[in-house]
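Following: one structure in structure tokens, then a few remarks.
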Amino acid sequence: MTMKIFFELVEIRTKLASLFPFIIGLLFSAVAFGQVHGENMMLFFLAMLVFDMATTAINNLMDFKKAKNDDYQENTNIIGTAKLSEKKVSYLIYSMIAFSSLIGLYLTLQTSLLLLLMGGACFLIGIFYTFGPVPLSRMPLGEIFSGVTMGFGIFFITIYLNIYDLGILNFAIAEGQVIFQMQLKALMMIIWASIPMIFTIANIMLANNLCDLEQDISNHRYTLPYYIGKENGVTLFQMLMYSCYLFIGLGVVFGVYHWAMLLVLGTFPKIHDNVRTFSRKQEKATTFSIAIKNLVLFNGAQIVGLMLSLVLS
């Protein structure tokens, strides 16, 4: 397997969806809590990236195995077009999951069992998102699980790895008792700040499912647009994107963000044009990339805003 084929198998171009919650979580830790652990960040980034690649490879393998459409198997799915061995792809997936798990266990030893619980939940969702008799991605739940797992899960774990020793989040088992403590204000800030990422990541899955609706139905894959209809799916796409600006604006008012985050609002005209273009036509080859462009533009502006907040605060 060449590196080019490997990158196609793991769809390396889609990893922005996990990269942004990590970077924004790192910067939010510095701005809101004043602390970053460099070693933890490097290790978690590596584990996160490799596991994300593993789940994408699982997705391609399961799509190939479950496909009812021969043309999809032979001419669309990378395993068929590159004539990859299913067994070798499976071994590659096992290796990537094992690698990420070892790093996760090491970080758990450095922090607390809370990381094991959070990371374990994300691992299970990531694996069963595309694996099993009824994968989550083949149900009207893909947008929820992808958005929450990546937009909140990665963001929350990133922050926890930076602030685990500040007493803001505590989890322990002692003398037969489970002890969990958390500062409510800090938790609410983290949840609020994660919502724009949840929505922009969910919109990538939603846009993909809208574009692939007919092909998915032919492969017995019934996603959210199948149940709510294409028109309602497009309306949901619009609502999720525009709601992100509401959370940024109110976040500044409520003290979740520094006022410098208001510069994110400057992306509205371009993103509004993008949303209108996608609303008119949902096609994989021409308009699906709009969801990715929106994620990059909006969350890229968040990164700039947080960096500016760090300088000014």
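Would you compute, from DSSP H runs of 4+ residues alone, the mean residue ellipticity of the chain at 222 nm, taking -39500 (n - 2.57) per run and dividing by the full residue count, rounded to the nearest 500?
Values: 15 runs with 215 residues, N = 313.
Roughly -22500 deg cm²/dmol at 222 nm, from the helical runs in the chain.
So, taking all protein chains as they sit and a 1.4 Å probe, how much accessible area belongs to Ile12, in Å² rounded to tens?
Its accessible surface works out to 70 Å², give or take rounding.
Summing Lys, Arg as +1 and Asp, Glu as -1, what charge do residues with Cβ under 15 Å from the Cβ of Met1 carry, Met1 excluded? Mind showing how you got there, number by number?
On the way: positive: Lys4, Lys83, Lys87, Lys88; negative: Glu8, Glu11, Glu86.
Net charge around Met1: +1.
So what does log10 I(q)/I(0) come out to for the range 3-108 at q = 0.14 Å⁻¹, using the Debye formula with one equal point on every Cα and no solvent?
-0.64
May I ask you to compute the full-extension gain from Phe131 to Lys87, defined as 0.36 nm times their residue separation minus their alpha-carbon distance, rounded to one decimal in nm? Kindly include the intermediate steps, with their values, before the conclusion.
Numbers: separation 44, 0.36 × 44 = 15.84 nm, distance 1.54 nm.
The Phe131-Lys87 span can extend by a further 14.3 nm.
What is the local net charge at Val296, summed over the other residues whose Cβ is closer than 14 Å to its Cβ (Lys, Arg +1; Asp, Glu -1)?
Values: positive: Arg13, Lys15, Lys270, Lys293; negative: none.
Net of charged neighbours comes to +4.
State whether the chain is rounded, prolate or oblate according to the following rule on the C-alpha gyration tensor (a ≥ b ≥ c being the square roots of its eigenvalues): a/c under 1.5 gives rounded; otherwise a/b larger than b/c gives prolate, and the remaining case gives oblate.
oblate
Just report the Cα centroid separation between the range 212-239 and the range 74-153, whole Å.
Here the two parts' Cα centres lie 23 Å apart.
With every protein chain kept in the model, how would you rank Met239, Met139, Met197 by accessible area, 1.4 Å probe, largest at the top? List each step's numbers first, then the result.
Numbers: Met239 115, Met139 60, Met197 0 Å².
Output order, biggest surface exposure first: Met239, Met139, Met197.
At 0.36 nm per residue, and after removing the present C-alpha to C-alpha distance, how many nm does the segment from Phe254 to Asn170 gain when stretched out fully?
Values: separation 84, 0.36 × 84 = 30.24 nm, distance 2.51 nm.
Extra length from Phe254 to Asn170 when fully extended: 27.7 nm.
The range 183-280: D in µm²/s via Stokes-Einstein (Kirkwood Rh, Cα pairs, 10 °C, 1.306 mPa s)? Could you put the intermediate results ahead of the total?
Working: Rh = 15.0 Å.
Translational diffusion coefficient: 106 µm²/s.
At 0.36 nm per residue, and after removing the present C-alpha to C-alpha distance, how many nm does the segment from Met42 to Lys66 gain when stretched out fully? Walk me through the numbers on the way to the answer.
Details: separation 24, 0.36 × 24 = 8.64 nm, distance 3.63 nm.
So the chain would gain 5.0 nm between Met42 and Lys66.
How many nm separate the modelled label positions at Met3 and Tyr94, each set 7 Å beyond the Cα in the direction of the Cβ?
2.7 nm
Using DSSP H assignments, which helices in the chain have an axial alpha-carbon span of 24 Å or above and a mean Kyte-Doolittle hydropathy of 1.6 or higher?
Numbers: long enough: 38-66 (42 Å, 0.67); 86-110 (36 Å, 0.81); 184-211 (40 Å, 1.57); 230-254 (36 Å, 1.09); 289-312 (34 Å, 1.68).
Helix filter hits for the chain: 289-312.
Can you give the local net charge around Lys15? Use residues other than it whose beta-carbon is closer than 15 angstrom to its beta-carbon, Lys and Arg +1, Asp and Glu -1. Provide the component values of the computation, followed by the final result.
On the way: positive: Arg13; negative: Glu8, Glu11, Asp52.
For residues surrounding Lys15, the net value is -2.
Ile217 versus Leu116, label points 7 Å from Cα toward the beta carbon: distance in nm?
So the two model labels end up 4.8 nm from each other.
Taking the simple approach of a point 7 Å from Cα along Cα-to-Cβ for both Met182 and Lys284, what is their distance in nm?
For Met182 paired with Lys284, the spin-label model returns 3.8 nm.
Bin all alpha-carbon pair distances of the range 22-171 at 5 Å intervals from 0 and give each bin's fraction as a whole percent.
Distribution as computed: 2, 9, 17, 19, 17, 13, 10, 7, 4, 2, 1, 0 percent.
The values are calculated or read from the model by the stated rules, or taken from the named source; none is laboratory data. The model shown is predicted, which means the values in this text are computed figures rather than measured ones. When we count neighbours, we look across all protein chains shown, and the Cβ atoms used for this are built from the backbone with ideal geometry, even at glycine. Heavy atoms of the whole protein, side chains included, go into the accessibility calculation; ligands, DNA and RNA do not. Shrake-Rupley method; radii C 1.70, N 1.55, O 1.52, S 1.80 Å.
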